[in-house]
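Some notes on the structure that comes next.
The values are calculated or read from the model by the stated rules, or taken from the named source; none is laboratory data. All values reported here derive from a predicted model rather than from experimental measurement. As a convention, Cβ positions derive from the backbone with ideal geometry for all residues, glycine included, and neighbour counts pool all protein chains shown. The protein model used for the area step is the full one, side chains on, heavy atoms only, and it has no ligands, DNA or RNA in it. Shrake-Rupley method; radii C 1.70, N 1.55, O 1.52, S 1.80 Å.
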Amino acid sequence: MNETLSKYIPEQAVKPVFELIVANQVHLKIVNERVTRHGDYRRGTSGKHEITVNANLNKYKFLITLIHEISHLVAFEKFGRNIKPHGDEWKYSFQLLMVPFIRPEIFPPNILPLLARHFKNPKASSDTDATLSLALKQYDAENDKNYIFELPYGSVFRISNGKVFKKIAQRVKRYECVEISSGRIYLFNPNAEVELLKN
C-alpha cells in the first residue's frame, strides 16, 4: 500500500496517510477520471468504508481529495449519519485531519498560505476556491485545455460533455457564457478548464 500511495501523494505524506487508512479501515480504490468528481466515499453493503480517488489528479490534489473523503467517514462515525455531507461536522473533521499535512515538507511554499486560508472554512470542493484551484493546477500534467478566465470575450469553447459556449461577460467572480445550441446563459468559475474552438 505504501508503494502505491507514494505514486500518488507527496513522499512525506505517505506514512501518516497510510496510518489514517489503517485506523479507519478504508478500502481505497484509485479509479479512472470522472469529470463530475475527484473522489467519493461510501459505506458498502458489507459495512466496509470504500473511498475512490481519480488517478489523474496531481499529488497535492490527490492528497487533499483523499483527506476530504476520509473526513466524510470520520464525521459520519463521530456525529452520526444524519449530518449534512459538507456541514459543520464534516468541516471540523476535514480541518482536524488536514492541518497536520499543511507543512513545507509536503506542499510547495506557494500553496501553503492558500491552504491555510482555505481551511479556515473548507468548501465542498477545493475547485470552488478559484485561487487555490489555479495554484494547484500548475502541478497538473500538460494538457491542451484553457481556463475560462484566459479566453477573450467572444471566444467559443467546448466543455467535457461536448456542449459549445461563447464567453460573453463577467459577473462578479464568474463568467457568463451562452450555450450556442440553446441560447441559454450559464455561469462558469474562472478556473473551469475548457477546449478553445476556432471561431
Query raised in the report: Give me the log10 of I(q) over I(0) for the chain at q = 0.12, 0.16 Å⁻¹, as the Debye formula computes it from C-alpha points; what are the numbers?
Result: -0.68, -1.08
Report summary line: Per the 1/(1 + (r/R0)^6) rule, R0 = 41 Å and r from the Cβ atoms of Lys15 and Lys145, FRET efficiency to 0.05 is 0.75
Query raised in the report: For the stretch 60-74 and the stretch 143-187, what is the separation of their C-alpha centers, rounded to whole Å?
Result: 30
Report summary line: Karplus-derived 3J(HN,Hα) from phi for the stretch 80-93 (6.51 cos²θ - 1.76 cosθ + 1.60, θ = phi - 60°), whole Hz, x at Gly and Pro, runs x, 7, 8, 6, 6, x, 10, x, 4, 5, 5, 4, 4, 5
Query raised in the report: Calculated from DSSP H runs of 4 or more alone, at -39500 (n - 2.57) each and per residue, what is the 222 nm mean residue ellipticity of the chain, nearest 500?
Result: -9500 deg cm²/dmol
Query raised in the report: Under 30 Å from the Cα of Lys173, which lysines turn up, not counting those fewer than eight places away in the same chain?
Result: Lys59, Lys61, Lys84, Lys91, Lys120, Lys123, Lys137, Lys145, Lys163, Lys198
Report task. Please get the size of the charge dipole for the chain, origin at its Cα centre, with Cβ charges of +1 on Lys and Arg and -1 on Asp and Glu, quoted in debye to the nearest 20. Result -> 560
Query raised in the report: Hey, any idea what % of the chain's accessible area is carbon plus sulfur with a 1.4 Å probe?
Result: 51
Requested in this report: Using Cα pairs closer than 8 Å and at least 6 residues apart in sequence, work out the relative contact order for the chain, in percent.
Outcome: 14
**Report entry** Reference-scaled alpha-carbon Rg (2.2 N^0.38 Å with N residues) for the stretch 93-139
**Finding:** 1.07
Report summary line: For the stretch 47-115, the percent of all C-alpha pairs falling in each 5 Å bin, from 0 up to the bin holding the max distance, is 3, 16, 24, 22, 19, 11, 5, 1, 0
